[in-house]
Amino acid sequence: MRILQVTNSISHHQLPLARRLVQICGVDNFRYAATQPPTIERQRIGWRFDINEPWLLRVAEVNHDREEFCHWWDGADVVVCGVRAIAWMKNRLRKQMLVFHMSERWWKPPIRMARLIHPVFLVMALKFRHLSKSPWFHFLPIGKYAAKDIKWLAPLKKQSWQWAYFTEIPEPLPNVERERETFKVLWVGRMIKWKRVETLIKGFSLLIKKRNDAILTLVGDGPERRRLQALARQLLPQNSFQFISPMPENEIVPFMKQFHVYVLPSNGGEGWGAVVNEAMSAGCAVIGSTTAGASCTMIKHSGNGLLFRSGHWQELGSHLQLLSQDESLRIMLAMEGQKTIQNLWSPTTAANRLVTVCRDLLNGHAVSHFDSGPMAPASSWK
């Protein structure tokens, strides 16, 4: 079986899956195609693009790779497509060839379905709905809300599968225990409005009143940085917080190992949030908002992490206080979070299940069933 994975960029959130697919299919039967060149913004925030693999195609940068990409698009048994190449997907479907379309939310707030007012987006949505009528078209929604969004657009009851971004799992898994002299809270990302970092700063201001040895570390840059620094200076003691510039992607997980808690405060604009995968694998207890893709999908409240309503900083502050006071609870949540990433939402599990389902479909067999996680029916997401 030959598989082509198509994305808009070389991404450390998708390469782990690609590497597992190479192991399963063989280097001659797999290609990963990046359709756009590296952006300055992603380079600035620490993404690496100096990756050389025989199965990696730089479609927008190398003519030979572009030609090979066209050959693979026409000839691969399965295309897993993360870009809205509607015309290209339509051509494959006409030939009764499998296409899995991978996508984050269509109706992200605050605009949501008002996007359909724009003629270009409306036409694209109608074309996508037409594609979805083919039995050869399947959808890989990245998170619960992506699956809910697609229900408004396309009738994909039996052709929609649970999906995510899958980060590399460190080996061996880091110890979840932490030193007890300080209580360390972490956030990493681009400082933009829908990340709602101010929610974390306000929530942390409640924690610091109860535990003056707590430290908040914010890693990243962006248009909101100055405003957030001013807010932190206003609400927090000077020695209780620090802002750190973006760091290379391969340094993030090792850096996380020293922190007790990772917080994802984003609103519904966060289609996934792969930093949650990384924090769980690093042994942090994770607190996430109910509207962000990764946290609402992977976290079971009080089971493998804690959830709070987006923007409710008092609720977040209460969660931080709880974990700062109950180390046994924090350790339990961190351990269960690691199990979630290692055993269920891992690139190995995703690759194995994807290949299994594809083989079933190609051979006309009954499709293998999974109760939860990658390639479980998206309809089972509540």
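Quick one: which of LEU323, LEU329 is surrounded by fewer than 18 Cβ atoms within 10 Å (Cβ to Cβ) and within 26 Å of GLU177 (Cα to Cα)? First the steps, then the outcome.
Details: LEU323 fails: surrounded by fewer than 18 Cβ atoms within 10 Å (Cβ to Cβ).
Exactly one residue qualifies, and that residue is LEU329.
So, in segment 1-54, how many residues would count as being touching a Phe, Trp or Tyr at 6+ places or on another chain (Cβ under 6 Å) and of a type in the set (S, T, N, Q)?
Here the count works out to 1.
With the structure loaded, tell me whether PRO237 is on the phi < 0 side of the Ramachandran plot and either at pLDDT below 95 or surrounded by 24 or more Cβ atoms within 10 Å (Cβ to Cβ) (or both) or whether it fails that test.
When the stated conditions are applied, PRO237 does not pass them.
Of the residues that sit in segment 24-83 and are in a strand (DSSP E or B) and touching a residue at least 60 places away in the same chain (Cβ under 8 Å), which one is nearest to PHE128 (Cα to Cα)? I'd like the intermediate steps shown before the answer.
Applying the first criterion (in a strand (DSSP E or B)) to segment 24-83 yields 30-34, 56-58, 78-81.
Right, trim to touching a residue at least 60 places away in the same chain (Cβ under 8 Å) and you get 78-81.
Numbers: VAL78: 18, VAL79: 16, VAL80: 15, CYS81: 13 Å.
The extreme case among them is CYS81.
Inspect segment 38-48 for any residue being in the same structural domain as PHE137 (by TED's automatic domain parsing) and within 29 Å of ARG94 (Cα to Cα) and give the result as yes or no.
No, there is no match, as no residue in segment 38-48 is in the same structural domain as PHE137 (by TED's automatic domain parsing) and within 29 Å of ARG94 (Cα to Cα).
Hey, LEU116 hits all of (1) free of Cβ contacts under 8 Å to residues at least 24 places away in the same chain; (2) surrounded by fewer than 17 Cβ atoms within 10 Å (Cβ to Cβ); (3) part of a helix (DSSP H, G or I) but one; which does it fall short on?
Answer for LEU116: the failing condition is (2).
The values are calculated or read from the model by the stated rules, or taken from the named source; none is laboratory data. What you are looking at is a predicted structure, and each value in this text was computed from that prediction instead of being measured. With ideal geometry, Cβ positions are generated from the backbone for all residues, glycine too; neighbour counts draw on all protein chains shown.
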